[in-house]
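Everything below concerns the one structure shown next.
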Amino acid sequence: MLLDLTPLRRHREFRRLFCGQLVSTFGSMITSVAVPYQIYQHTHSSFWVGLLGTVQLVPLLMFGLWGGAYADAMDRRRLLIGAELALSLASLALVVNALLPHPSVAVIFLVTAVMSAVTGFHRPALESMTPRLVDQAELPATAALTSLRGTAGAIAGPALGGVCIAAFGVASTYAVDVATFVISLIALAGMRSMPPGETAPNPGLRSIAQGLAFARSRPELVGTYLVDLLAMGFAMPMALFPAMAEPWGGARAVGWLYSAMSIGSLVMTVLSGWTGRVRRHGAAVVLAAATWGVAIIALGYARSLPVAVLCLVAAGAADMVSGIFRMTIWNETIPSHLRGRLAAVEMLSYSSGPMLGNARAGWMATAVSVRFSIVGGGAICVAAVLLCIPLLPAFWRHRRAEG
């Protein structure tokens, strides 16, 4: 039942990558709280917070597929180091802007867009490295550990972010993110290079088209992309957290709301040993996504911070189950020479959903109410995800690879 730590024990390179990215994720999640909080403080509008998702999505769509093509065509470690250097400079720009007498909201949006574009190169490089650092039989455990890395940072990051914002202001909060990138870069510097194969294609439109054609040809991959896009696109509530937190304590309450889903994810990750015995991976993804939607519906009726946190904990646990099985399907299905390009497609699927969902949530809350936005989005999510059972029968029946 408990988390399998075998990949960390056996593989030094994976251990270095894991630890460095754990620290980096911690800082990035602190910034993910500070940015929408700062925008809300200057605009007092959930619409502008929701618009942040659109500003992040556009450059990700523009550069994500190119990032995957480059991850298959060049040294993945070198690409990751370059991306982290660029992200650290962007975080430093947020520090400078926050220190101005009148910080610019436009600059926040611009820097956030740049960070999203760089992420289009960062994530494919990172995710295409991981399967080459462990054995095939260790992929389910690796997926759980990778999820743990994200959720551990996502729990402590937002919670500390809320405390830092309340105690020291947003500038100091952004500065923490800069420091975590330094630690991550030191870890990457100690890893071996990871050059592409001798037959790796040059990055370009033909290379991107090859990756997309492979993705379309595999129903198990299409199912993972579509189910997650529907679940996040209709039910992601994070843009509404600053508005929800105002009557419950402001900055400290918003930190709890941003951390709650990650707490549920962490608990589920620690108890993820059972996932290695599940055979119907497609069905597991669908049912977990539907459970996420039910938890979001319950969140809409929460009248206190503790109840809201519990609902989000349940939602995060369900999302983690979906994530573990989606990641396992990806790692089992995709050959190494396509891993960067398909990692880009994966990134677009799991990133665009939350960004679109936050934009939807902010717009609907402005047009009607916060509760209507949350409950309505959760209900549509459940219906849309369950429709995937008859519409994607091959994905629903998909079983894990044997051997």
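Per-structure values
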{"quantity": "Some residue of region 328-336 being open to solvent by 30 Å² or more (accessible area, probe 1.4 Å), closer than 30 Å to Ala73 by Cα and either over 21 Å from the mean Cα position of the chain (by Cα) or at pLDDT 85 or above (or both)", "calculated": "yes"}
{"quantity": "Cβ pairs under 6 Å, 6+ apart, first in region 13-26 and open to solvent by less than 40 Å² (accessible area, probe 1.4 Å), second not in a helix (DSSP H, G or I) and not acidic (Asp, Glu)", "calculated": "Glu13/Met191; Phe14/Val134"}
{"quantity": "Count of region 259-287 residues which are in a helix (DSSP H, G or I) and either open to solvent by 30 Å² or more (accessible area, probe 1.4 Å) or farther than 16 Å from Arg399 by Cα (or both)", "calculated": "18"}
{"quantity": "Residue selected from region 189-218 under the condition among the aliphatic types (A, V, I, L, M), surrounded by 18 or more Cβ atoms within 10 Å (Cβ to Cβ) and at pLDDT 85 or above, by the criterion farthest from the chain's Cα centre (by Cα)", "calculated": "Met191"}
{"quantity": "Checklist (1) more than 25 Å from Tyr37 (Cα to Cα); (2) surrounded by 24 or more Cβ atoms within 10 Å (Cβ to Cβ) applied to Ala308, failing item", "calculated": "(1)"}
{"quantity": "Any hit, region 203-220, residues being in a helix (DSSP H, G or I), among the basic types (Lys, Arg) and over 30 Å from Gly300 (Cα atoms)", "calculated": "yes"}
{"quantity": "Residue match in region 311-318 (condition: within 25 Å of Phe372 (Cβ to Cβ), out of contact with any helix residue (DSSP H, G or I) (no Cβ under 6 Å at 6 or more places or on another chain) and modelled with pLDDT of 95 or more)", "calculated": "no"}
{"quantity": "In region 59-71, the residues that are modelled with pLDDT under 85 and either closer than 22 Å to Arg252 by Cβ or open to solvent by 10 Å² or more (accessible area, probe 1.4 Å) (or both)", "calculated": "Leu61, Met62"}
{"quantity": "Flag if Leu229 is within 16 Å of the chain's Cα centre (by Cα), buried (at least 23 other Cβ atoms within 10 Å of the Cβ), among the hydrophobic types (A, V, I, L, M, F, W, C) and assigned to a helix (DSSP H, G or I)", "calculated": "no"}
{"quantity": "Filter result for the condition that a residue is touching a residue at least 60 places away in the same chain (Cβ under 8 Å), touching a Ser or Thr at 6+ places or on another chain (Cβ under 8 Å), among the β-branched types (Val, Ile, Thr) and crowded, with 24+ Cβ neighbours inside 10 Å, over Ile324, Ile296, Ile374", "calculated": "Ile324"}
{"quantity": "Residue that is surrounded by the most Cβ atoms within 10 Å (Cβ to Cβ), among those in region 72-97 that are under 17 Å from Ala343 (Cα atoms) and not basic (Lys, Arg)", "calculated": "Asp72"}
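The values are calculated or read from the model by the stated rules, or taken from the named source; none is laboratory data. Note that the structure is a prediction, hence the values are computed from the model and not measured. Heads up, the Cβs are rebuilt from the backbone with ideal geometry, glycines too, and the neighbour counts pull from every protein chain shown. Quick note on the areas: whole protein, heavy atoms, side chains included, nothing else; ligands and nucleic acids left out. Shrake-Rupley method; radii C 1.70, N 1.55, O 1.52, S 1.80 Å.
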